Amino acid sequence: MRIVVVGDTLLDVDVAGTSDRLSPDAPVPVVDVTTDDRRAGGAGLVATMLVRDGHDVTLVTVVGDDARAQELRDLLPDVTVVAGPSGAPTPVKTRVRVVDHALVRIDEGCATPPVPEATDAMTAALDGADAIVVADYGRGVAAAPALREALARVAEHTPVVWDPHPKGAAPVPGITVATPNAAEARRFTDVDGHGVPVATVPFATVAAAALVEQWGVGAVAVTLGDRGALLADDRSDSRFVPAPSVTAGDPCGAGDRLAAGVAVALAGGADVPDAVAAGVVAASEYLAAGGVTALFADDGPAPLRVPGADRDALRTVHEVRSAGGTVVATGGCFDLLHAGHARTLSAARALGDCLVVCLNSDSSVRALKGPDRPIMTQDDRVELLLALDCVDAVVVFDEHTPDEALRRFRPDVWAKGGDYTASELPEAATLAEWGGRVVTVPFHPGRSTTRLAAALEHVG
């Protein structure tokens, strides 16, 4: 697809290192730098995400005439850049991190510049797009009158997703959907002045409806971080789009990933509710895969079967172990969850500080149970398991047994429900490789997925 990204482009620098001492000059940490990573930020990050997804991407922006402007262009080798003059130095934002903790951010040239003049080439680049993303970072590109007129014209026949900024311009009327976060929605409305707490579903419901009317746009999706988004449209409909459960670290770029995901879905013919749901899932997958750091790793982020699986499990295990906790795992097909499953999982979770479920993939279930199984796909089974409070993470495996999956995160305890002894469990030998223990938890006879499936078939 041909996607056009419109907005302000920055130079983002991530400096990371270790620190184990204070400076003799002042009680501040000394950072021994291990990495110094540079990337295009702002609208440049959105363009990078989309081109790495395989799309034909054009970035409409403005740049300065300094050395860092050329560095920005060099960081966008696969993006068609249509840029006018910014009349200002290239803005640089440098984040200094120690391990996973942000220490300080240093901004250079980030004062708000005058609204730039849009060139004819910039406005012409909008024509022929399958979708347009406006990534407003408050530096004036989205406020340029000629660009706004062109965007309003193109929005009559092309999906336009507008990701606003608290210091930026309001979306032009007629666009398909705007995606402010709660803080941005607060900036553009006075809803919180009526006693409604910000960053909650009640606030987002009122704010989204108010912004649809105020901006004259087709829909507004107020994003609520790891909770999801609240979508309202110009037909007075509203719906909550929940986010998949993931353990996320650095949130940098999550809003960009969401807006990009919405635009791609709209370009593919999805309606707005489905497109917003796709954007929420895309943002969750991005965070679960490691966020912006993984995006710019040499091999890119590892593919995930579903949000919350595998990599999220490894992160959960690491956090529990770092705190001195006990990691518990269990496994199975979990096709049609029933009371026996719930009791077994709850008992397993009580054995430690987190519970990771090793789940047979669809192909593994078919090999074990026959061609008519599973009844529910692995994506649905993962989602149902993660909805249980006692389940902290899920790992999907393709083999007949979870041994290789267990070797990846080495649980302290393997729990299994059944009417047999721990020594009889086939996973016992695998757990012994690293000194793990196998424990059986109460078995509840009379609860059977096979029996439920047969009953349902009889009813049908």
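The values are calculated or read from the model by the stated rules, or taken from the named source; none is laboratory data. Because the structure is predicted, anything quoted here is derived from the model rather than measured. Glycine gets a Cβ as well: all are built from the backbone with ideal geometry, and neighbour counts include every protein chain shown. Only protein heavy atoms, including side chains, enter the accessible area calculation; ligands, DNA and RNA are left aside. Shrake-Rupley method; radii C 1.70, N 1.55, O 1.52, S 1.80 Å.
Odds and ends about this structure:
- Per-residue surface analysis assigns L295 an accessible area of about 10 Å², computed on protein heavy atoms at 1.4 Å probe radius.
- Extension reserve of the T34-E213 stretch, reckoned as 0.36 nm per residue once the Cα distance is removed: 59.5 nm
- Computed magnitude of the charge dipole of region 128-187 (debye, nearest 20; Cβ of K, R +1, Cβ of D, E -1): 280 debye
- Treating r as the C-beta distance of T112 and A350 and R0 as 60 Å, the FRET efficiency rounds to 0.65.
- Descending by average beta-carbon neighbour count within 10 Å, the peptides 366-373, 350-357 line up as 350-357, 366-373, the highest first.
- For the set M1, M49, the ranking by accessible area, highest first and with no ligand, DNA or RNA atoms included, is M1, M49 under a 1.4 Å probe.
- Shape class for region 154-204: prolate, because the ratio a/c of the largest to smallest gyration tensor axis (alpha-carbon atoms, square roots of eigenvalues) is 1.5 or more and a/b beats b/c.
- Length gained on full extension, A339 to V99: 82.2 nm, using 0.36 nm per residue less the C-alpha separation.
- Label-point separation, R73 to A124 (7 Å along Cα→Cβ), nm: 1.8 nm
- A protection proxy built from the mean count of other Cβ atoms within 10 Å ranks the segments 168-181, 144-157, most packed first, as 168-181, 144-157.
- Approximate spin-label separation D53-L22, in nm, with each point projected 7 Å along Cα-to-Cβ: 4.7 nm
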